[in-house]
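Colleague: One structure follows; several queries about it will come next.
The values are calculated or read from the model by the stated rules, or taken from the named source; none is laboratory data. Just so you know, these numbers come straight off a predicted model, no measurement behind them. Cβ placement follows ideal geometry from the backbone for every residue including glycine, while neighbour counts extend to all protein chains displayed. Quick note on the areas: whole protein, heavy atoms, side chains included, nothing else; ligands and nucleic acids left out. Shrake-Rupley method; radii C 1.70, N 1.55, O 1.52, S 1.80 Å.
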Amino acid sequence: MKTIAFIGLGNMGGPMAENLLAAGFKVKVYDLMPEVVKSIESMGAIATSSVSEAVKGAETVVTMLPASQHVKDVYLGDGKDTTGLLDLVDDGAFLIDSSTIDPHSAKMVAAHAAQKGLDFVDAPVSGGVAGAKAGTLTFIVGGSEAAFAKAENVLKHMGKNIFHAGNAGDGQMGKICNNLMLGILMSGTCEALNLGIDNGLDPKVLSNIMLQSSGRNWALELYNPCPGVMDTSPASNGYRPGFMSKLMLKDLGLGLNAAAMSQSSVPMGSLARNLYAFHNANGNEELDFSSLFEFYQSEK
């Protein structure tokens, strides 16, 4: 039985690790929050108390961490007390990072891994918590052709669509472009629905109209931000659980940083980023990113 170490068991990482267990892998898990480790241990995972314990004996390591600095600290060490994962894994271990971080950090980790003779891919995901639970995530992979082929053998148990974006860091760039568009689409969807409500339209009727018209988009179809329109969306569950607004703000910031590096024009992305910054500053950072709908409601 192949052993996989899974580090980072948040809203996305936890269900992903569960799907690996369901696929028959031996899964060793670690997270800074003992309660989430205990929860997945009850499903058959092997709980560990440190990164070093988790990766020992693992042929593959999967990480799902909040931001660039966390990834660099885990893989490279913090330069003080913590030894990096690259110095802890077994020889020949295969490394997959599914965090959403800046491309430069992904390339840095990949370069350090290569120096140690280790294959590394950046493989950020799209599909949200529902996709993580259902095993239907989209993975956007950056790395060599050979590393991508190895990654597919693991990622197919957690996702439905697996794309090879290109070299190290290109997976992150693909994810950044996707989430820039998602933030813009969600902002526009919230705005349009609110306009209809303000003018007497039923949001369910309006949503159906737009779903059959040129305004159709992912947010309307699978993630409607108006409470009561779609029973399965976070909006109908107090905007929990889901993809937190603070993470959307982070990803939009990554998009703006990438645009600055390439001198690309992203005016709509800038507006979406500012909307989320204002929304989060009013205490909504832990709510699902579709809670931006409440920003328009509160402006009345």
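Colleague: Looking only at the range 65-88, count every residue that is open to solvent by 20 Å² or more (accessible area, probe 1.4 Å), assigned to a loop (DSSP other than H, G, I, E, B) and of a type outside the set (S, T, Y) and tell me the total.
Modeller: 8
Colleague: Checking the condition on the phi > 0 side of the Ramachandran plot and open to solvent by less than 40 Å² (accessible area, probe 1.4 Å), which residue from G215, G242 passes?
Modeller: Exactly one of G215, G242 is on the phi > 0 side of the Ramachandran plot and open to solvent by less than 40 Å² (accessible area, probe 1.4 Å), namely G242.
Colleague: A further question follows. Would you point out which residue out of K250, K204 is in contact (Cβ under 8 Å) with a residue 12 or more places away in the chain and surrounded by fewer than 16 Cβ atoms within 10 Å (Cβ to Cβ)?
Modeller: From the options K250, K204, the qualifying one is K204.
Colleague: I'd like to check something: does the range 79-87 contain any residue that is closer than 29 Å to P241 by Cα, at pLDDT 95 or above and not acidic (D, E)?
Modeller: No, because not a single residue in the range 79-87 is closer than 29 Å to P241 by Cα, at pLDDT 95 or above and not acidic (D, E).
Colleague: A further question follows. Could we say that A17 is assigned to a helix (DSSP H, G or I), open to solvent by less than 20 Å² (accessible area, probe 1.4 Å), in contact with a strand residue (DSSP E or B) (Cβ under 6 Å, 6 or more places away or on another chain) and within 27 Å of I140 (Cβ to Cβ) here? Lay out the reasoning, then the answer.
Modeller: On the way: assigned to a helix (DSSP H, G or I): yes; open to solvent by less than 20 Å² (accessible area, probe 1.4 Å): yes; in contact with a strand residue (DSSP E or B) (Cβ under 6 Å, 6 or more places away or on another chain): yes; within 27 Å of I140 (Cβ to Cβ): yes.
In short, yes.
Colleague: Also, I was wondering about something else. Which residues, taken from the range 110-140, are out of contact with any Leu (no Cβ under 8 Å at 6 or more places or on another chain), open to solvent by 20 Å² or more (accessible area, probe 1.4 Å) and assigned to a loop (DSSP other than H, G, I, E, B)?
Modeller: Answer for the range 110-140, where residues must be out of contact with any Leu (no Cβ under 8 Å at 6 or more places or on another chain), open to solvent by 20 Å² or more (accessible area, probe 1.4 Å) and assigned to a loop (DSSP other than H, G, I, E, B): G117, T136.
Colleague: Taking the condition of being at pLDDT 95 or above, surrounded by 14 or more Cβ atoms within 10 Å (Cβ to Cβ) and not in a helix (DSSP H, G or I), how many residues in the range 224-239 meet it?
Modeller: Qualifying residue count, the range 224-239: 7.
Colleague: When the range 263-284 is examined, which residues are found to be open to solvent by 70 Å² or more (accessible area, probe 1.4 Å), of a type outside the set (A, V, I, L, M) and either part of a helix (DSSP H, G or I) or in contact (Cβ under 8 Å) with a residue 40 or more places away in the chain (or both)?
Modeller: Once the filter is applied, which keeps residues that are open to solvent by 70 Å² or more (accessible area, probe 1.4 Å), of a type outside the set (A, V, I, L, M) and either part of a helix (DSSP H, G or I) or in contact (Cβ under 8 Å) with a residue 40 or more places away in the chain (or both), the range 263-284 yields P267, R273, N274, F278, N282.
Colleague: Would you mind telling me which numbered condition in (1) open to solvent by 60 Å² or more (accessible area, probe 1.4 Å); (2) in a strand (DSSP E or B); (3) under 18 Å from A5 (Cα atoms) F163 fails?
Modeller: Tallying (1) open to solvent by 60 Å² or more (accessible area, probe 1.4 Å); (2) in a strand (DSSP E or B); (3) under 18 Å from A5 (Cα atoms), F163 fails exactly one: (3).
Colleague: Residue check, A260 against (1) open to solvent by 10 Å² or more (accessible area, probe 1.4 Å); (2) of a type in the set (A, V, I, L, M); (3) more than 24 Å from H104 (Cβ to Cβ), all met but one. Which one?
Modeller: With (1) open to solvent by 10 Å² or more (accessible area, probe 1.4 Å); (2) of a type in the set (A, V, I, L, M); (3) more than 24 Å from H104 (Cβ to Cβ) applied to A260, the lone miss is (3).
Colleague: Here's another thing I want to ask about it. Determine the pairs where a residue that is at pLDDT 95 or above, located within the range 93-112, has a partner that is of a type in the set (K, R) and surrounded by fewer than 24 Cβ atoms within 10 Å (Cβ to Cβ) with Cβ atoms under 6 Å apart, the partner being 6 or more residues away or on another chain.
Modeller: F94/K150; S105/K72
Colleague: With respect to V205, determine if the residue is in a helix (DSSP H, G or I) and β-branched (V, I, T).
Modeller: Values: in a helix (DSSP H, G or I): yes; β-branched (V, I, T): yes.
Answer is yes for this residue.
Colleague: Something else about it: Only residues that are open to solvent by 10 Å² or more (accessible area, probe 1.4 Å) and under 13 Å from the mean Cα position of the chain (by Cα): list them for the range 92-109, please.
Modeller: Hits for the range 92-109 are T100, D102.
Colleague: Within the range 285-298, count every residue that is buried (at least 22 other Cβ atoms within 10 Å of the Cβ) and touching a residue at least 60 places away in the same chain (Cβ under 8 Å).
Modeller: 5
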